[in-house]
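What follows is one structure encoded as structure tokens, with my remarks underneath.
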Amino acid sequence: MNKLSGAALRQSPTRRASPLSGPLPWLLPVLLMIGVFYLYPILDALRLAFTNASLIGREETYTTRSILAMLANPALGTVLRNTAVFTGASVIGQVLLGLAIALLVVRGERNRLPGMLALRTIVLTAWVIPGVANGIIWSMLFNEAPYGAINSALRLLDIPPVAWLSNPANAMISTIIANVWQGTAFSMIVLYAAIKSIDPVLYEAAAVDGARPWERLWFITLPQLRAALIVNAILVTIQTLNTFDAIISLTGGGPGRATEVLSLFTYNTVFYSYDLAGGSALSMLMLLISLGLACVYALFLPRPEAIR
Amino acid sequence: MARPSKTSLIANCLGATALSLIALPAFAQESLVTRDRVGPADAENVLTFRLTAYDLYSADPATAEGFAELFTDFIQQHPGWRIDTQLQTGNLNEEQARILEQSQAGRGPDCAMIDSAQLATFKQAGVLAPMNDFFTEAEIADLFPFVRDGVSDEEGNLLALWWFTDLRVLYRNTEYVPEAPQTWEETEAAALATVEQGLEGILFNGGRTEGTAFDWMAFFWAQGGELVDENGRPIFHEGENREKFLRALEFVDGLVESGAAPQRVTTITTYDDITASAAAGTTALFIGGNWQYAQLQSTLPPEEAAKWEVSELPGPTAEERATGTGGWAIAALTDDPAKVEICAGIAKLYAGPGNAFQRLLPTSAALYDEYDEFAGAEFGVFAAALENGQARPGVPFYPEISTQIQVLLGEVLSQSKEPEQALDDAAAALIAAYDRL
């Protein structure tokens, strides 16, 4: 063992001089992977945003007109407002509901209640359903025809039917409900794992001090979950900003533009208007918004020294 | 039970082998059509064909079986060939964009079904191969004029075969609406009468879908309105066209405001939603496509189906009528003449026996006489309505026009914008996009 170590030490100056020494060879595969599959598409989208590229295939020239036109598009204000409402409400809804279910499951497991595994599985089922299927399921539930599922149930209870999707304001709420229903499981799993890792000694000490349940939640659980909550919020925000599959099958962005969010607007720009440059400009805007929000969240992450 | 002797075992084996050999050709015949190909797997020549899921791979077993037989006959008449089939998903806009992009990059299918609404885009992109050599002059001359214009380029080349057309008509349940409404006013009155009888009123597409814009355009066209000028620039928001556009908008807006149509029309994005309502008996009046007639006949019990009749879409007056005509084309996207010939053969297969099998509307007058399937009374109504048929403007900018009209109709029908404001906003967005694109 010592002999080997000695030999390795003797060879070390030669190895340092070699281009194959150091961390680079070990990092190269992952750098290549990120470069080819992540960085290149981003750079190409950035390049396309500065062109007049179209799916119709005319000659490509470099210009800033596509970006300026997209920023001046009268629909962009409505779309950004929809995106803010949809993302904000979805993130708050998913994190709060995910936290509530995680607390419920942990509490149930602590009290050895039966069915906790089944509860977790049921919640997760919604998460594995593809977005398009999620939209179709909710469009059947929200269907405003006399045979629509929810409205039929309301009629049985002598409650007047609700314009779930045809009223612009309700349509946004319905879209958020469908998205929260699907995304809650992700938050639940992240927060469930985080709650399980909280040192039980903290709760025992609080019990000795006579802390009530809401005080244990406020002074122990939530502060201990801070990092998990923020990371969860970042991931859910990015995921929600990119959501368009559920919306396209639920409302198609309508009525009018009432539920058209930035990702759907980008998709429509490319695949309906064949405007590749405009779509690329919008996707750059989405990237900037995602990065900006991630940076804002990161400011609230606990510092390493604070954790120590 | 006695054990079989060695002789009888050998006889049984030989019998089974003989039966297998007899059955083998039949098995081979069946396997000529699979989920991803038509023809023998080891064929020398291969053509890739991207098709929709409404015929050979239809969810309806009878349709799929009928087309499998047609394709089997076709491939047997073209020995040495195999057709590799590629199915388009239900997201047709995205599929059409993908075909266009792949064809421009040289990776597209050899032959594909193209939505007639996208033909102008494909023509402008220059990816369609002329098929003139495989059609006689008489065959080309027999195409309906709007079809011939749609599939020909400036040099008169036939760039695709628009194999079936469709049109929009007014459906009514004669138990509730005995007489066909001829005007907008009569339509609103008839719809209100059905509402008084506990039904939903008139249904039509009003969500974010091409059908919404296209169905509604008939009301604009009925007044002689024009969407674009000869250069393809949108002009529907200017001068007389603006007045006509607003009148057509106010007609559908009035239907919702008066309760003659439910506000939920803004959520209707497929004709199937409307067929479902008709089948459920919640509506007695709707604007639909001609193909829904056969759907109703096959869905409803015969005595209920018999109550449904079709008539021309109403106009502002009984004399001013129009209907949007769509449909699908088949085009070759390859330079290989042998493949173009096979593609043209497939197009003829769909246009003739394929249309007859599905009872769709052929685009050539001669085919109506050739097949008995087009003898039904409803085809008389369709043929009369086709005289006022209007195809989408053959300009590549059409998808953007359609999108803006879908948005403004949604805004008007959901009462979130007044017709004038919605039109102004849509026109501003369209002109900005037109000037840039």
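The values are calculated or read from the model by the stated rules, or taken from the named source; none is laboratory data. Bear in mind the structure is a predicted one, so any value in this text is a computation, not a measurement. All Cβ positions, even for glycine, are placed from backbone atoms using ideal geometry, and neighbour counts span all protein chains on display.
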Could you tell me whether A:L27 is under 26 Å from the mean Cα position of the chain (by Cα) and at pLDDT 85 or above?
-> no
The residue from B:L199, B:L167 that alone is of a type outside the set (G, A, S), part of a loop (DSSP other than H, G, I, E, B) and touching a Phe, Trp or Tyr at 6+ places or on another chain (Cβ under 8 Å) is B:L199
Are any residues in the stretch A:171-209 in contact (Cβ under 8 Å) with a residue 24 or more places away in the chain and among the polar types (S, T, N, Q), and if so, which ones?
-> A:S174, A:T175, A:N179, A:Q182, A:T184, A:S187
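Collect the residues in the stretch B:335-372 that are of a type in the set (V, I, T) and modelled with pLDDT of 95 or more, keeping them in residue-number order.
B:V340, B:I342, B:I346
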Sort out which residues of the stretch A:144-170 are at pLDDT 95 or above, more than 8 Å from chain B (Cβ to nearest Cβ) and within 16 Å of B:T269 (Cα to Cα), and write them in order of number.
-> A:W164
Can we say A:G98 is under 30 Å from B:I268 (Cα atoms), part of a helix (DSSP H, G or I) and out of contact with any strand residue (DSSP E or B) (no Cβ under 6 Å at 6 or more places or on another chain)?
-> no
If we take the stretch B:293-409, then helices (runs of 4 or more DSSP H) inside it with 3 or more residues that are of a type in the set (A, V, I, L, M) and within 20 Å of the chain's Cα centre (by Cα) are B:337-349, B:377-386
Does the stretch B:375-383 contain at least one residue that is of a type in the set (D, E, K, R) and at the interface with another protein chain (Cβ under 9 Å from one of its Cβ atoms)?
-> no
Checked the stretch B:90-127 for anything small (G, A, S), facing chain A (nearest Cβ under 10 Å), over 18 Å from the mean Cα position of the chain (by Cα) and assigned to a loop (DSSP other than H, G, I, E, B); matches are B:A105, B:G126
Note on the stretch B:410-437: residues in contact with a Leu (Cβ under 9 Å, 6 or more places away or on another chain) and not in a helix (DSSP H, G or I) are B:K417
Can you name the residue in the stretch B:245-290 that is of a type in the set (S, T, Y), within 13 Å of another protein chain (Cβ to nearest Cβ) and out of contact with any strand residue (DSSP E or B) (no Cβ under 9 Å at 6 or more places or on another chain) and, of all such residues, is nearest to B:E378 (Cα to Cα)?
-> B:T270
Breaking point among (1) without any contact (Cβ under 8 Å) to a residue 24 or more places away in the chain; (2) within 14 Å of chain A (Cβ to nearest Cβ); (3) aliphatic (A, V, I, L, M), for B:L300 = (2)
Is the stretch A:131-142 home to any residue that is surrounded by fewer than 17 Cβ atoms within 10 Å (Cβ to Cβ) and farther than 27 Å from B:G90 by Cβ?
-> no
Boolean, B:A138 is touching an Asp or Glu at 6+ places or on another chain (Cβ under 9 Å), among the small types (G, A, S) and in a helix (DSSP H, G or I) | no
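With over 20 Å from the mean Cα position of the chain (by Cα), of a type in the set (D, E) and in the same structural domain as B:I346 (by TED's automatic domain parsing) as the only criterion, which of B:E154, B:E188, B:E250 stands out?
The conditions single out B:E154.
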Counting only residues that are in contact with a helix residue (DSSP H, G or I) (Cβ under 7 Å, 6 or more places away or on another chain) and either surrounded by fewer than 23 Cβ atoms within 10 Å (Cβ to Cβ) or free of Cβ contacts under 8 Å to residues at least 12 places away in the same chain (or both), which one in the stretch B:256-270 is nearest to A:G252 (Cα to Cα)?
-> B:Q263
Identify the residue in the stretch A:63-98 that is of a type in the set (S, T, Y) and within 11 Å of chain B (Cβ to nearest Cβ) and, among all such residues, is farthest from A:L235 (Cα to Cα).
-> A:T63
Subset of the stretch B:424-437 [within 9 Å of chain A (Cβ to nearest Cβ), more than 14 Å from B:F245 (Cβ to Cβ) and in contact (Cβ under 8 Å) with a residue 12 or more places away in the chain] = B:A429, B:A433, B:L437
Subset of the stretch A:240-259, residues at pLDDT 90 or above and facing chain B (nearest Cβ under 8 Å), comes to A:T251, A:G252, A:G253, A:P255, A:G256, A:R257, A:A258
Of the residues that sit in the stretch B:402-423 and are more than 10 Å from every other protein chain (Cβ to nearest Cβ) and touching a residue at least 12 places away in the same chain (Cβ under 8 Å), which one is surrounded by the most Cβ atoms within 10 Å (Cβ to Cβ)?
-> B:I405
Of A:L287, A:L293, A:L299, the only residue that is surrounded by fewer than 18 Cβ atoms within 10 Å (Cβ to Cβ) and closer than 23 Å to A:M188 by Cβ is A:L293
Identify, by number, the condition in (1) in contact with a strand residue (DSSP E or B) (Cβ under 6 Å, 6 or more places away or on another chain); (2) assigned by TED's automatic domain parsing to the domain that holds B:R107; (3) of a type in the set (A, V, I, L, M) that B:A344 doesn't meet.
-> (1)
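Looking only at the stretch A:254-306, count every residue that is in a loop (DSSP other than H, G, I, E, B) and out of contact with any Ser or Thr (no Cβ under 9 Å at 6 or more places or on another chain) and tell me the total.
The qualifying residues number 4.
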Can you confirm whether the stretch B:211-226 contains a residue that is over 30 Å from B:Q124 (Cα atoms), assigned to a helix (DSSP H, G or I) and out of contact with any helix residue (DSSP H, G or I) (no Cβ under 7 Å at 6 or more places or on another chain)?
-> no
For the stretch A:51-62, enumerate the residues that are touching a residue at least 60 places away in the same chain (Cβ under 8 Å), more than 9 Å from every other protein chain (Cβ to nearest Cβ) and farther than 16 Å from B:L100 by Cβ.
-> A:T51
Are there any pairs with C-beta distances below 7 angstrom linking a residue in the stretch B:48-67 that is in a helix (DSSP H, G or I) to a residue that is polar (S, T, N, Q), with the two at least 6 apart or on different chains, and if so which?
-> B:T63/B:Q358; B:A64/B:S58
Could you please find all residues in the stretch B:68-89 being closer than 20 Å to B:G108 by Cβ and either touching a residue at least 60 places away in the same chain (Cβ under 8 Å) or within 14 Å of another protein chain (Cβ to nearest Cβ) (or both)?
-> B:W81, B:I83, B:Q88, B:T89
Assess whether B:L255 counts as being of a type outside the set (F, W, Y) and farther than 18 Å from B:A391 by Cα.
-> yes
